[in-house]
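J.: Below you will find the structure I want to go over with you.
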Amino acid sequence: MRGEQTVVPDAEFESYYGKQIIKTPTWKTPDVPLYLFLGGLSGASALLAEGAALADLPQLERVTRLVAASGAAAGTVALIHDLGRPERFLNMLRVVKPTSPLSVGSFILAPFASLSGAAAASLVTGRLPRLGRLAGVGAAAFGPPLATYTAALVANTAVPAWHEAHRELPFVFAGSGAAAAGGLAMVLVPVAQSGPAFRMALSGAALEVGASELMTHRLGMVAEPYEQGRSGGLMKAARWASVAGAALSVVGRRSRVLRAAAGAAYVAGSVTLRFGVFEAGLASARDPKYVVVPQKERLAQKAAARTG
């Protein structure tokens, strides 16, 4: 009715004596940041390896197949070490939970590791080439999901800097993974064979930097952990490393030394970005304002929508 007033006042969310509202994630460092990085590196490398196979670039294919397989193996070790016991990883493979990014990710990582390992083994030994080629195609199919599902994994938490960035983080991680895969191939493969790696790294760096800038602009105050403190320093270092890699790769396009330096910068930027994103999440979990202020803003928006 007109002029009617509510009896119960609107809810206000406050932090009790400034204490944390959510728990800081107990994920280990460097296990989890390295797992995030290795997933992007190996997933993008498998995709690059399939492109190299189609383009008949044997040196590039060999390197990227080995990187995809070794990256998946190292990432699995990092994940198991974070979980504490190997059987915990095996238990995740007992049931598929579509609503759980960790469960879905386990069913991406396990077949990817098997297929990329089989493709690399076949290429190195020369045995069962058709089956090895088929395994490589399968690994390439699982590559993009492996490179990006970790973004959904962290965004599906209550950690403000991760959850609020759920729109851009998959693009940030995809670009970062592509830059790392292309960059490492630029270091290890001769110039004549590394053309696809050069293009993947350059486009990946552009996607990474662009999506990161869009993310911090949209998040507003919640973006502070990405711009300040230790995590902000890591994010800035990652951005400058990616920009330096792009500049060096364009300037030294035909130089073996400059192309290798560019590739190293791409890889360094990708590693640093994963640590930066991880540390930003921890910082936002420790400070209650990153939970309280967005909640109040959402309540104000709902109130404005009801009255408008």
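Read-outs throughout are calculated quantities, based only on the coordinates presented, and are distinct from any laboratory measurement. None of the values given here were measured: they were computed from a predicted structure. Methodologically, a virtual Cβ is constructed for each residue, glycine included, from the backbone with ideal geometry; neighbour enumeration extends over all protein chains shown.
J.: Starting with the highest mean, order 277-285, 174-182, 134-142 by the number of other Cβ atoms within 10 Å, averaged over the residues of each peptide.
T.: 174-182, 277-285, 134-142
J.: What do the square roots of 5 times the Cα gyration tensor eigenvalues come to for region 174-213, in whole Å, largest first, as semi-axes of the equivalent ellipsoid?
T.: They are 20, 8, 5 Å, listed from largest to smallest.
J.: Which one, G40, G229, G263, has the greatest fluctuation when you compute a Gaussian network model over the chain with C-alpha springs under 10 angstrom?
T.: G229
J.: If packing is taken as the average number of other Cβ atoms within 10 Å across a peptide's residues, how do 153-162, 65-74 rank, most packed first?
T.: 65-74, 153-162
J.: Given R₀ = 35 Å, FRET efficiency for D56-K289 by Cβ-Cβ distance, to 0.05?
T.: My answer for the efficiency is 0.05.
J.: What is the gain in length, in nm to one decimal, between R85 and V257 on full extension, counting 0.36 nm per residue of separation less the C-alpha to C-alpha distance?
T.: Answer, rounded to one decimal: 57.6 nm.
J.: Setting aside same-chain residues fewer than 8 positions from K236, which lysines have a Cα under 17 Å from its Cα?
T.: Once the sequence-local lysines are set aside, nothing remains near K236.
J.: Could you compute the FRET efficiency for R127 and T24, with r as their C-beta to C-beta distance and R0 at 41 Å, rounded to 0.05?
T.: According to the calculation, E is roughly 0.25.
J.: Now for a different question. Which value results when the Cα radius of gyration for the chain is divided by 2.2 N^0.38 Å?
T.: Expressed relative to 2.2 N^0.38 Å, the Cα Rg reads 1.13.
J.: Specify which residue in the list G245, L134, L115 is farthest towards the positive end of the charge dipole of the chain, using unit charges on the beta carbon of Lys, Arg (+1) and Asp, Glu (-1), about the Cα centre.
T.: L134
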